[in-house]
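Trainee: To start, I am sharing the structure in question, which I have written as structure tokens.
The values are calculated or read from the model by the stated rules, or taken from the named source; none is laboratory data. Fair warning: this is a prediction, and the values are worked out from it, not measured in the lab. Cβ sites come from the backbone with ideal geometry, for glycine too, and all protein chains shown count toward neighbours. Accessible surface is based on the protein model in full, side chains and every heavy atom, while ligands, DNA and RNA are left aside. Shrake-Rupley method; radii C 1.70, N 1.55, O 1.52, S 1.80 Å.
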Number of protein chains: 2
Amino acid sequence: MAERSIVVDTTKSPHAKLRPIPISAVKLRDRFWQPRLADLQEVTLPTQYELLEQTGRIDNFRRVAGKVGGEFRGLYFNDSDVYKWIEAAAWSLAVQYNAKVAELINKVIPEIEAAQDEDGYLNTFFSLERKGQRWTNLRDMHELYCAGHLFQAAVAHHRVNGDERLLKVSTRFADLIDKVFGWGKKEEPDGHPEVEMALVELYRETGERRYLDLARFFVDVRGHKRIGGSPYHQDHKPFRELDEVTGHAVRALYLNAGGADLYAEIGDETLMLAMQRMWRNLTEKRIYVTGGCGARYEGEAFGRDYELPNERAYAETCAAIANILWQWRMFLLTGEARFIDVLERSLFNGALSGIGLDGRSYFYVNPLADRGRHRRQPWFECACCPPNIARLLPMVQSFLYAISDEGIFVNLYAESAATLNFKGVPITLVQRNDYPWDGEIELQVQTEKPINFALMLRIPNWCPKATVKVGGQTVDAEPGTFVTVQREWKRTDTVHLSLDMPAEFVVCHPFVEPNGGRIAIQRGPIVYCLEQVDNPEADVWCIAARTDRPLTAIPKSVANLPIIAVQGEGVAVELRHWENSLYQPLRSIATHVRPVRFTAIPYFAWANRDAGPMTVWLQRA
Amino acid sequence: MAERSIVVDTTKSPHAKLRPIPISAVKLRDRFWQPRLADLQEVTLPTQYELLEQTGRIDNFRRVAGKVGGEFRGLYFNDSDVYKWIEAAAWSLAVQYNAKVAELINKVIPEIEAAQDEDGYLNTFFSLERKGQRWTNLRDMHELYCAGHLFQAAVAHHRVNGDERLLKVSTRFADLIDKVFGWGKKEEPDGHPEVEMALVELYRETGERRYLDLARFFVDVRGHKRIGGSPYHQDHKPFRELDEVTGHAVRALYLNAGGADLYAEIGDETLMLAMQRMWRNLTEKRIYVTGGCGARYEGEAFGRDYELPNERAYAETCAAIANILWQWRMFLLTGEARFIDVLERSLFNGALSGIGLDGRSYFYVNPLADRGRHRRQPWFECACCPPNIARLLPMVQSFLYAISDEGIFVNLYAESAATLNFKGVPITLVQRNDYPWDGEIELQVQTEKPINFALMLRIPNWCPKATVKVGGQTVDAEPGTFVTVQREWKRTDTVHLSLDMPAEFVVCHPFVEPNGGRIAIQRGPIVYCLEQVDNPEADVWCIAARTDRPLTAIPKSVANLPIIAVQGEGVAVELRHWENSLYQPLRSIATHVRPVRFTAIPYFAWANRDAGPMTVWLQRA
């Protein structure tokens, strides 16, 4: 069944330009993602399962079924952690079968089945603590949010394993929701979007049109102040009228992902226009250079335009993931490279920083500057992020390619072999490269018999110069687009793609006040930071980079992970001249700087060694 | 009675080194403060009184007395606005008698008297809306906070006018509080400190020792988690153990002012040590360059060390005022110049920005950068700031001098004549200068007969070089200290003090992340900002100052107020190269800068003309 392991199945969606590939189609052989995916099954999923048990999250299901006694434990939306873990585990089996992970899934599914009410309802908090109060506080209690994660887990498990058990639980529950909600019935959305995209996927998996209609209802009923009307809940304006990403960042971006899924099926241009407006607002005014989303602690929310504090950044791991989910869907709808550019930024930086190199510690908040206080934790009371990053990792395989009527899109690069199906013809694509550390990419197209199709190669927008060579031809390559190589492909034709990947200084729009006069460092898709442990010469917050000196890429390892570090030159203020003072006239301090060399590491890899200051944005000497 | 118009009367306090002078001792003739004080009586106090009436704040008192019907209007602590207005009006009469202001005071006092309960209780919200619920929610309901402002108003009015009416109301209420609160009685503090300093002043004014004991009780009962134990309420640790300024900034600094008043009377070193620790924490890690206090919107609170965002600064006007009140008390206790340095910074910048040049519009929040959205308002639902700035202004006169056993301290400079009393001998001090715009200060000591005493002249810490000349002698002058000129003063001896007052660039501790690589501009005690209306050449957020070029001071006027502006040279990024992008490689933007000249105005004067971007911290070219 794993050949159906498609994360967002637009295969038959009338308004999506692209069809995704199954996770199982790709076999990674790279040193970046493959070890992460191995760890996912060996470390991440087992330790998370253990924590789901320890914290009573699975016991809550058993308790509803009367298998164990006692009271509900934890927070009212904890069921969703279990569902997200199942989704993660299911997708991981499409990467690589793993008996232990499969066994854990099989262990937990009966607990969920047994906790479902006669009428299809399923939510352990309401069945235990709020009996008789179903759907009475949609704004705050996440009932439909939990339902959505159940549906997504069920769809994943069904697609990967062909197992119908959770899908049956889901359709029973969805049928109940359909009885309760809709125009002329209960006309309220959930305070936390999620069920919208889940219902579209459930529709795709079951063919049951009512689920699509229900998804549409939940998008349309929002924004009419039926749950208070706050931007925090994206309830201040109808979805089709939105022009900014506002409020709780995860909710806003999940809603947009649901809107994109809905568009794929119903093709209403007002949906697309709203999403295009929000996309511009996000990418031009409200996203971190790391792809992190959500500036404010208050409400885990987007701030105003250009409000992007560094040390007080919120940038929840789940929000970067939500952004990836939205961008992926926008890409499937349009085939436009800009959505993968944004996806890639969030993926390699602001989302990946959410999990430690040990595969078992997590960031909820992802600041861009820190004094050494912020460390990954094994779990959280509100543990949305750990299973979310777990379900993201296997999805990466399916992000590599997509298929249109014209040919094959190559979105992300990674040493791998993939067997795709283009118009019934199996085509194997073998990538040789060391992406994201190196921009030299060899792509071999293997086909039994010659076939004419277009190969769309993504030239990332971070790339200053790219060349594509195939069969002695050189094709022009404009960064931020897909380069089309249309030809009759024979047995082992090879494309050589050369992406210039210099380490570069990046500057920020002058309206982002804290970044005024500062620079960041990026190389390829990787955003860098200075971490104290690599920079014994000076406190990294005191280093100002000399942008007139070159940056040099050098191999290094961070907690045993091989990476490419970037070195540069700068000057450092002597901290001892700052003892006991917060402000000084420039005349007192101007001469107290000394030249230093600095070493920057990938942002995703920070906080895996000794605690100490870190910064993404550096002063400029 | 105005010769008793002493704001914090440490005249007989055993542990205060200095004795303050009455407001009425000083006659300002300067162009900086004097017009503000004239406007205070002509514009500020009458318009505020009108608003107290319009918003029902005075009606609430009438309602308790049965004079008008209807329900309580406004917020539960609105009584305090009326009291603060009375305090402001009373002190203003010590600056200059004004029949209209005196009449308004006389109009409102009977309303307050009539609203007092038989047993002495006085709080219109509890008498109308929460009958029978007195003292049931000390953490949140500001009952003692309101009482404190009543006492301060009463003390001010008594000292300036000799009027006993409010003082009687206050002692009746304080006696009731004394019956209810204390060890073995109700052992809880108020959530909002204020009553502590008020009770010490009430003790000073009445001689009733029980009020001092009660103040001591309210300081000591705090920090034992009797009102929840949060740092927001300064209830997490006993006062004597505090080492950081935490939580709600106004509350924290009012509490410290109360602690200082208590120390003046009882001299407990553990109080002083805690205040010294908090003073270092505040001045070395948590205060804005403008003297603004409180970094966070959440809880109107101090942030962590070095957490000082600019655009999202909270820096409530009341917190800058609270800081002035605390610094003044610390100065009276110690005679140390550093407290006046901090007072001066808050006074001329972060507090004064709280009132518009029209004398009738106010900032509650004082950001250090803005895009043109933040404008002063005529009033607020929570209107703590307007009457607070009104009561601060007349106090300025009393801040100019203080008296010790050795002589006279000259703290602040302003063209004025003051008649002080040193050991029974009247001494007139005539200042000629244009402070804060010019550092040349002439101080004439006029005395009937020769008298030997020390004149302590403050050399501000912002001053790079100062010389003091008297009778042909030149005295060494170290910035950040008082220079002592000890001599026998004759009829019209004149001291010439020359404070170098260059416009200077100021840098910030590298741990204040948003200020990394940036500079501010200061000249004398005045902190400058760039406002768009003066800078047509470029968006002020896009200007980077060239610190290798000189800054020039030039006369200018802002909304008819003559000020000294500062001009400099820099470069500006072209905004058009930033359309549709949030981040760019430096290579794309590096050459798109052009030279500009910029004009900076005093921070206190911003937002009095056309709305537009403003910034205190500039990028450095």
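Trainee: Between A:MET272, A:MET278, which is in contact (Cβ under 8 Å) with a residue 12 or more places away in the chain, surrounded by fewer than 24 Cβ atoms within 10 Å (Cβ to Cβ), on the phi < 0 side of the Ramachandran plot and touching a His at 6+ places or on another chain (Cβ under 9 Å)?
Mentor: From the options A:MET272, A:MET278, the qualifying one is A:MET272.
Trainee: Then there is this: Determine whether B:SER24 is modelled with pLDDT of 95 or more, farther than 18 Å from B:ASP358 by Cβ and not in a loop (DSSP other than H, G, I, E, B).
Mentor: yes
Trainee: Of the residues A:VAL571, A:VAL533, which single one is under 19 Å from A:THR615 (Cβ atoms) and either open to solvent by 50 Å² or more (accessible area, probe 1.4 Å) or outside the structural domain of A:THR599 (by TED's automatic domain parsing) (or both)?
Mentor: Only one candidate passes the filter, namely A:VAL533.
Trainee: Out of the residues in the range B:330-363 that are open to solvent by 30 Å² or more (accessible area, probe 1.4 Å) and in contact (Cβ under 8 Å) with a residue 12 or more places away in the chain, state the one that is nearest to B:TYR288 (Cα to Cα).
Mentor: Checked the range B:330-363; the qualifying residue nearest to B:TYR288 (Cα to Cα) is B:ARG345.
Trainee: Report yes if A:ARG36 is buried (at least 19 other Cβ atoms within 10 Å of the Cβ), over 29 Å from A:PHE399 (Cα atoms) and in the same structural domain as A:GLU208 (by TED's automatic domain parsing), otherwise no.
Mentor: no
Trainee: Could you look through the range B:586-617, keep only residues that are at pLDDT below 95 and in a strand (DSSP E or B), and pick out the one that is farthest from the other protein chains (Cβ to nearest Cβ)?
Mentor: Per the criteria, the residue is B:ARG594.
Trainee: Follow-up. What's the number of the condition A:ALA621 fails, among (1) out of contact with any helix residue (DSSP H, G or I) (no Cβ under 9 Å at 6 or more places or on another chain); (2) more than 9 Å from chain B (Cβ to nearest Cβ)?
Mentor: (2) is the only condition that A:ALA621 fails.
Trainee: Among (1) open to solvent by 10 Å² or more (accessible area, probe 1.4 Å); (2) at pLDDT 95 or above; (3) of a type in the set (S, T, N, Q), where does B:SER398 come up short?
Mentor: Every condition holds for B:SER398 apart from (1).
Trainee: Only one residue in A:ALA315, A:ALA319, A:ALA351 is of a type outside the set (Phe, Trp, Tyr) and touching an Asp or Glu at 6+ places or on another chain (Cβ under 8 Å). Which one?
Mentor: After ruling out the rest, the residue left standing is A:ALA319.
Trainee: Considering the range B:164-193 alone, what residues qualify as being open to solvent by 10 Å² or more (accessible area, probe 1.4 Å) and under 26 Å from the mean Cα position of the chain (by Cα)?
Mentor: The answer is B:LEU167, B:HIS192.
Trainee: On the basis of being more than 26 Å from the chain's Cα centre (by Cα) and closer than 20 Å to A:ARG549 by Cβ, does A:ALA621 make the cut?
Mentor: In short, yes.
Trainee: Right, next: Report yes if some residue within the range B:561-580 is without any contact (Cβ under 8 Å) to a residue 12 or more places away in the chain, in a strand (DSSP E or B) and more than 20 Å from B:ARG518 (Cα to Cα); otherwise report no.
Mentor: Within the range B:561-580, not a single residue is without any contact (Cβ under 8 Å) to a residue 12 or more places away in the chain, in a strand (DSSP E or B) and more than 20 Å from B:ARG518 (Cα to Cα).
Trainee: Continuing with the same structure: I'm trying to understand the selection: among the residues of the range A:297-309, which are more than 26 Å from A:ALA605 (Cβ to Cβ) and more than 9 Å from every other protein chain (Cβ to nearest Cβ)?
Mentor: A:GLY299, A:ALA301, A:PHE302
Trainee: Also, I was wondering about something else. What number goes with the only condition from (1) more than 27 Å from A:ARG458 (Cα to Cα); (2) surrounded by 20 or more Cβ atoms within 10 Å (Cβ to Cβ) that A:TYR603 does not pass?
Mentor: Single failed check for A:TYR603: (1).
Trainee: Now, a different point. Just the residues that are closer than 17 Å to A:PHE380 by Cβ and open to solvent by less than 40 Å² (accessible area, probe 1.4 Å), please, taken from the range A:46-57.
Mentor: A:THR47, A:GLN48, A:TYR49, A:LEU51, A:LEU52, A:THR55, A:GLY56, A:ARG57
Trainee: Check every one of the strands (runs of 3 or more DSSP E) wholly within the range A:413-478 and list those with 3 or more residues that are under 18 Å from A:ARG491 (Cβ atoms) and of a type in the set (Val, Ile, Thr).
Mentor: Output list reads A:425-432.
Trainee: Let me ask something else about it. With the requirement that a residue be of a type in the set (Gly, Ala, Ser) and in contact with a Pro (Cβ under 8 Å, 6 or more places away or on another chain), what does the range A:236-251 give you?
Mentor: A:GLY247
Trainee: I would also like to ask the following. Could you tell me which of the residues B:GLY132, B:GLY148 is assigned by TED's automatic domain parsing to the domain that holds B:VAL43 and at pLDDT below 95?
Mentor: It is B:GLY132.
Trainee: A:MET501 fails exactly one of the following numbered conditions: (1) part of a strand (DSSP E or B); (2) crowded, with 22+ Cβ neighbours inside 10 Å. What is the number of that condition?
Mentor: The single condition A:MET501 does not satisfy is (1).
Trainee: Do we find a residue being crowded, with 17+ Cβ neighbours inside 10 Å, in contact with a Lys or Arg (Cβ under 9 Å, 6 or more places away or on another chain), in a loop (DSSP other than H, G, I, E, B) and more than 7 Å from chain A (Cβ to nearest Cβ) anywhere in the range B:516-529?
Mentor: Checking the range B:516-529: at least one residue is crowded, with 17+ Cβ neighbours inside 10 Å, in contact with a Lys or Arg (Cβ under 9 Å, 6 or more places away or on another chain), in a loop (DSSP other than H, G, I, E, B) and more than 7 Å from chain A (Cβ to nearest Cβ).
Trainee: Okay, next question. Kindly evaluate A:ILE324 against the criterion of being away from chain B (no Cβ under 14 Å) and not basic (Lys, Arg).
Mentor: When the stated conditions are applied, A:ILE324 passes them.
Trainee: While we're here: Sort through B:GLU103, B:GLU118, B:GLU113, B:GLU42 and tell me the only one that's in contact with a Gly (Cβ under 9 Å, 6 or more places away or on another chain) and open to solvent by 30 Å² or more (accessible area, probe 1.4 Å).
Mentor: B:GLU42
Trainee: A:GLY207 - would you say it is open to solvent by 10 Å² or more (accessible area, probe 1.4 Å), in the same structural domain as A:LEU392 (by TED's automatic domain parsing), small (Gly, Ala, Ser) and modelled with pLDDT under 95?
Mentor: no
Trainee: Something else: Can you tell me which residues in the range B:544-585 are small (Gly, Ala, Ser) and at the interface with chain A (Cβ under 10 Å from one of its Cβ atoms)?
Mentor: B:ALA544, B:ALA545, B:ALA572, B:SER581
Trainee: Then there's this: Among the residues of the range A:234-282, how many are within 14 Å of chain B (Cβ to nearest Cβ) and of a type in the set (Phe, Trp, Tyr)?
Mentor: 1
Trainee: Then there is this: Within 25 Å of A:VAL573 (Cα to Cα), surrounded by 15 or more Cβ atoms within 10 Å (Cβ to Cβ) and within 10 Å of chain A (Cβ to nearest Cβ), is that true of B:PRO479?
Mentor: So B:PRO479 does not fit the description; no.
Trainee: Could you please find all residues in the range B:212-242 being more than 23 Å from the chain's Cα centre (by Cα) and among the aliphatic types (A, V, I, L, M)?
Mentor: B:LEU212, B:LEU214, B:VAL221, B:ILE227
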